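Take a look at the structure below.
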Ligand SMILES: *Cc1c(COP(=O)(O)O)cnc(C)c1O
């Protein structure tokens, strides 16, 4: 049997290119603590993302946790449960209470029409997620936040390199975070950053990631350690050079999926948003059991049997996690809940061949109602 097709495959530069990049680390023995790779990567990211400022972090989760912490918030934070564990955990680990808002049916991002009814005198912030590279309704969220004086921190982990109306997605809200995890569109092995436009916030983020140490004799804040090391930054520098080309390849694969799956009744494919330059990070499909004839879980198992690794992403939703047992109710976010039972993401990475995509699509086609 042929090798299993995994849902993703970490992007790596040619080995020689990485070796070349890390050579200087052997010259100066500077492996971490904001060395020259760190400085270079930070500058290149600012330029690439078109943002005012960037603070690099050891991973995307710490970027989010520290971004939230830097605003010194208290009380309730409105967010949505259709996301990776990190978003909700980052809120809770900051001593804040997540209040779950439902998502929009068409793009899975937070539904701004349902935010205001959740606002109380204790609400301090909104943490929306740009799910699967779909960008939130930025204008509506901004106007609600202004009206109620709320901080907005975007979990932009899925949207590295995207633009909305020509503006880099890292520019929205009071801060946005990206993840450079190996499984993401762009990686620095592990890594992440916070994007912002406020010098004081930059200072606080630096303190949080570096024990509050400003110089050897001045420790001005109670910080932790979330520094990105030189090997991570070097991987980021290399991968950044290949990103555009990789996104092009992803786009071709997505177009092929859309073409081959578009006619299968009961399968709803991810589609592009208006005004957005996408990064084609994920290819989610929704399975309507009544029309397609099989449930998401049944199709998932059929794909597994055919050596195809899909992913039930996002399932379970965060307000149904065992960790939060008894505290939230999935019925409060019915669209997020229903979506989590019907969705799966299909394999997507630049090296996926036409033949593999055709194979995946024919398995999905053959499992449908019409064929039975
Ligand atoms: C990956 C991810 C994170 C966390 O990033 P890490 O770099 O893995 O720590 C946060 N939020 C979302 C939505 C993610 O997909």
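Numbers for the structure displayed
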{"quantity": "Dimensionless Rg ratio for segment 1-50, taking C-alpha atoms and the 2.2 N^0.38 Å reference", "calculated": "1.65"}
{"quantity": "Coordinate range along principal axes, alpha carbons of the chain, Å, largest first", "calculated": "74, 56, 38"}
{"quantity": "Scattering curve values for segment 236-372, log₁₀ I(q)/I(0), Debye with Cα scatterers, q = 0.14, 0.15, 0.22 Å⁻¹", "calculated": "-0.73, -0.82, -1.31"}
{"quantity": "Cα gyration tensor, segment 160-241 - rounded (a/c under 1.5), prolate or oblate", "calculated": "oblate"}
{"quantity": "The chain - percent relative contact order, Cα under 8 Å, separation 6 or more", "calculated": "22 percent"}
{"quantity": "Segment 169-215: relative contact order in percent, alpha carbon pairs under 8 Å with at least 6 residues between", "calculated": "28 percent"}
{"quantity": "For 197, 111, order by how many other beta-carbon atoms lie within 10 Å, fewest first", "calculated": "197, 111"}
{"quantity": "Three-way shape call for segment 311-366 based on the alpha-carbon gyration tensor, with the a/c threshold at 1.5", "calculated": "prolate"}
{"quantity": "Convex hull per residue volume in Å³, alpha carbons only, for segment 200-280", "calculated": "180 Å³"}
{"quantity": "Rounded if a/c under 1.5, otherwise prolate or oblate - segment 126-278, Cα gyration tensor axes", "calculated": "oblate"}
{"quantity": "Sequence of 222, 7 once ranked by neighbouring C-beta atoms within 10 Å, starting from the fewest", "calculated": "222, 7"}
{"quantity": "Whole-number percent relative contact order across segment 223-288, with pairs defined as alpha carbons under 8 Å at least 6 apart", "calculated": "29 percent"}
{"quantity": "Dimensionless Rg ratio for segment 261-322, taking C-alpha atoms and the 2.2 N^0.38 Å reference", "calculated": "1.31"}
{"quantity": "The chain: calculated mean residue ellipticity at 222 nm from DSSP helix runs of at least 4, using -39500 (n - 2.57)", "calculated": "-11500 deg cm²/dmol"}
{"quantity": "Square roots of five times the Cα gyration tensor eigenvalues for segment 1-85, Å", "calculated": "30, 25, 12"}
{"quantity": "Alpha carbon convex hull of segment 94-171, volume per residue in cubic angstrom", "calculated": "100 Å³"}
{"quantity": "Whole-number Å³ per residue for the convex hull built on Cα positions in segment 20-176", "calculated": "123 Å³"}
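Readers should treat all values here as calculations from the given coordinates under stated rules, not as data from a laboratory. What you are looking at is a predicted structure, and each value in this text was computed from that prediction instead of being measured. No Cβ is skipped: glycine too gets one built from the backbone with ideal geometry, and neighbour counts run over all protein chains shown.
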